[in-house]
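The structure under discussion appears below in the form of structure tokens.
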Amino acid sequence: MSEPSDPHHRAVREDVPEWSNWAGDERCVPAARERPASLEELCASIARAAGSGRRVRVVGSGHSFSEIACTDGLMVSLERMASLLDVDRGSGVARVQSGITIRELSGALHEHGLALENVGDIDVQTIAGAISTATHGTGAGLPNLAAQVSELKLVLADGSMLECSAEADGEVWRAARVGLGALGAIAEVTLRCVPAFTLHGTDAPAPLAEVLERFEELALGNDHFEFFIFPHAEMALTRTNNRTELPPRPRGRLSAYANDVLLTNRAFELFCRAGRRLPGQIPRLNRLVTALAGRRERVDRSAAIFASPRLVRFTEMEYALPRAHTATAVRRVLELITRAGFAVPFPIEARTAARDDAFLSTACGRDSGFVAVHMYRGMQWEPYFRAVEAIMDELDGRPHWGKRHFQTAATLRRRYPEWDRFRAVRARLDPEGRFANDWTDRVLGPMGARS
């Protein structure tokens, strides 16, 4: 560990209006907010918070649906620390500041002939926020984004800096890659990248019964496979992406706007608003939305295929399951919606990811399937999500750390074989709970005087 940085380094300090996440349904009023622009300023910000006894939470783009970023202490935004620092095309290694978004990172890597091996379909998240919550894309043979990290720089509770790698300290390394912001502030991330590649993407409707029956085959037989199903519809919407040697054929701006904004977002929002106003019409509306979704093919660079704009606001819960349970979980959720009469205008989404070894990764030690449920803004979500969570509990589910769930440290501990090892690292790096909030107290257990 290095010594604390010079406290005269000052981050930009802001007035402290209410903060809210992207969905607009998690809010807090921090005692202070700061936006450091360098490693030195970040270290100094944390050191000052320690001196004043304030708890600290680091916030990225606010795209988590849980209250993970909320605080009544110091909120640190890393939006001014968003640069590509070093890149080696030969080795495929890139070092970045932690506030860079996945979209910005993908663009910068592309200029060097590189790409991230796999990402999700939302690219506005910061790299630190995405890895800290075990955010993932889809691909049965591909692990989550945190598994692509080779080194981290972590600012600890006293403002000192710790270099994290498998070689330096294996226990800290396996804890810090998915640290939930509870071990320190990630300042820099070093990633293993791959040569830039092109994907052939196909979106197509398919009978739900067939998709569920063949889910394992489809997941294992393609580089990336996922599907969406609107409740009360009999056709699933499948998305298959595979590598190709064909040259990219980017869409024109008008075509991209017409499909991604007008059809996928603006028209869908009108359907959601109609369903919110007339819940009894949701089954009919969902079948209509499904019928309007035709087949579409694209060939483009990987980042352009992976990412989709998300303009319709919603809240979400997602669970990681042993991959063999994925189809069962989807069937049971659909049966639940019909039986309980839940009004659900958003689709259920199913994806896969390969196992990894980060202590609190949702895919730690097992190849995983992921089932996500959503609710449109302004609609009641809690009864639906609680009922879905009960199904996931029975199927050995682990909740996505950046999305809604109702678990506690007591209910989560038995789901993670390395839970106590993470707790030991946390006790070593942040014994007083400087990087804690009410959410970490609930899901990890309190530290310091609160334990």
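The values are calculated or read from the model by the stated rules, or taken from the named source; none is laboratory data. Owing to the predicted nature of the structure, the values given are computational and were not obtained by experimental measurement. Here the Cβ positions follow ideal geometry from the backbone for every residue, glycine too, while neighbour counts run over all protein chains shown. Ligands, DNA and RNA are stripped out before the accessible areas are found, and what is left, the full protein with its side chains, is counted by its heavy atoms. Shrake-Rupley method; radii C 1.70, N 1.55, O 1.52, S 1.80 Å.
Just name one of 328, 195, 134: the one whose Cα is farthest towards the positive end of the charge dipole of the chain (beta-carbon charges, Lys/Arg +1, Asp/Glu -1).
About the Cα centre, the residue reaching furthest to the positive side is 328.
Rounded to the nearest Å, what's the spacing between the alpha carbon centres of region 152-205 and region 237-297? Just the number, please.
Cα centres, region 152-205 to region 237-297: 33 Å.
Hey, what angle do you get for helix 326-340 against the long axis of the chain, alpha-carbon based, 0 to 90 degrees rounded to 10?
That helix lies at roughly 70 degrees to the long axis.
Could you tell me the distance between the Cα centroids of region 411-451 and region 45-95, to the nearest Å?
About 19 Å separates the Cα centre of region 411-451 from the one of region 45-95.
Once you charge only the Cβ atoms, +1 for Lys and Arg and -1 for Asp and Glu, what is the size of the charge dipole of region 228-305 about its Cα centre, to the nearest 20 debye? List each step's numbers first, then the result.
Details: 15 positive and 6 negative charges, 37 e Å.
The dipole magnitude comes to about 180 debye.
Residue-wise, which Karplus ³J(HN,Hα) couplings in Hz belong to region 398-411, taking 6.51 cos²θ - 1.76 cosθ + 1.60, θ = phi - 60°, and x for glycine or proline?
My calculation for region 398-411 gives 10, x, 4, 5, x, 10, 5, 6, 10, 6, 10, 4, 5, 7 Hz in order.
Hey, what's the chain come to in accessible area per residue, 1.4 Å probe, Å²? Could the numbers behind the result be given before it?
Details: 18140 Å² over 451 residues.
Value for the chain: 40 Å² per residue.
Using a 1.4 Å probe over the heavy atoms of the protein chains, calculate the carbon and sulfur portion of the accessible area of the chain as a whole percent.
Details: 9100 of 18140 Å².
Result for the chain: 50 percent of the exposed heavy-atom area is carbon or sulfur.
What does the convex hull of the Cα atoms of region 87-190 come to per residue, in Å³, rounded to a whole number?
So the per-residue Cα hull volume is 104 Å³.
Counting only C-alpha contacts under 8 Å and six or more residues apart, can you give the relative contact order of region 84-209 as a whole percent? Each step should come with its number before you reach the end.
Details: 207 pairs, mean separation 37.0, N = 126.
This gives 29 percent for region 84-209.
Could you tell me which Cys residues in the chain have no other cysteine's Cβ under 4.7 Å from their own Cβ, answering none if every one has a partner?
When partners are defined as cysteine Cβ atoms under 4.7 Å apart, the chain leaves 43, 164, 193, 272, 364 without one.
According to the square roots a ≥ b ≥ c of the eigenvalues of the Cα gyration tensor, what is the shape class of region 71-145, taking rounded for a/c under 1.5, prolate for a/b larger than b/c otherwise, and oblate for the remainder? Intermediate values should be presented prior to the final figure.
Details: a/c = 2.29, a/b = 1.27, b/c = 1.80.
It is oblate, given that a/c is not under 1.5 and a/b is not larger than b/c.
Would you mind working out the magnitude of the charge dipole of region 115-270 relative to its Cα centre, with +1 at each Lys and Arg C-beta and -1 at each Asp and Glu C-beta, to the nearest 20 Debye?
On the way: 11 positive and 21 negative charges, 101 e Å.
Dipole about the Cα centre, nearest 20: 480 debye.
Rounded to the nearest 20 debye, what is the charge dipole size of region 80-197 about its Cα centre when +1 sits on each Lys and Arg Cβ and -1 on each Asp and Glu Cβ? Don't skip to the end; give the middle numbers.
Details: 8 positive and 14 negative charges, 35 e Å.
That gives region 80-197 a dipole magnitude of about 160 debye.
Can you find, among 359, 344, 372, the residue sitting farthest towards the positive end of the charge dipole of region 285-379, where Lys and Arg contribute +1 and Asp and Glu -1 at Cβ?
344
Could you derive backbone 3J(HN,Hα) for region 116-126 from the dihedral phi with the Karplus parameters 6.51, -1.76 and 1.60 (θ = phi - 60°), listing whole Hz in sequence and x where the residue is Gly or Pro?
6, 5, 7, 9, x, 8, 10, 10, 8, 6, 6
Helix 102-111 versus the longest principal axis of the chain: what is the Cα-based angle in degrees, 0 to 90, to the nearest 10?
Helix 102-111 and the main axis of the chain meet at about 90 degrees.
According to the Kirkwood expression over distinct Cα-Cα pairs, how big is the hydrodynamic radius of region 265-382, in Å? Spell out each step's value before the answer.
Working: mean 1/r = 0.0613 Å⁻¹.
Taking every pair of different Cα atoms in region 265-382, averaging 1/r and inverting gives 16.3 Å.
Which one of 383, 65, 256 is farthest out on the positive end of the charge dipole of the chain, using unit charges on Cβ (Lys, Arg +1; Asp, Glu -1) and the Cα centre as origin?
The Cα lying farthest towards the positive end belongs to 383.
For residue 364, which sequence-distant residues (separation of 5 or more, or a different chain) have an amide H within less than 5 Å of its own amide H, given hydrogens modelled in the peptide plane?
356
Sequence gap at least 6, Cα distance under 8 Å: using those rules, report the relative contact order of the chain to the nearest whole percent. Please report the intermediate quantities before stating the final value.
Details: 1018 pairs, mean separation 76.0, N = 451.
Contact order relative to length: 17 percent.
List, in order, the whole-Hz ³J(HN,Hα) value for each residue of region 229-236 obtained from phi through the Karplus relation with A = 6.51, B = -1.76, C = 1.60 and θ = phi - 60°; use x for Gly and Pro.
9, 7, x, 6, 9, 9, 10, 8
In percent, what relative contact order does region 209-367 have, based on Cα pairs under 8 Å that are 6 or more apart in sequence?
Values: 160 pairs, mean separation 50.0, N = 159.
In percent, rounded to a whole number, it is 31.
Note the angle between two axes, namely the Cα long axis of helix 282-292 and the longest principal axis of the Cα atoms of the chain, as a number of degrees from 0 to 90, rounded to the nearest 10.
80
In deg cm²/dmol and to the nearest 500, what is the mean residue ellipticity at 222 nm of the chain if only DSSP H runs of at least 4 residues count, each as -39500 (n - 2.57), divided by the residue total?
Working: 15 runs with 129 residues, N = 451.
Calculated mean residue ellipticity at 222 nm is -8000 deg cm²/dmol.
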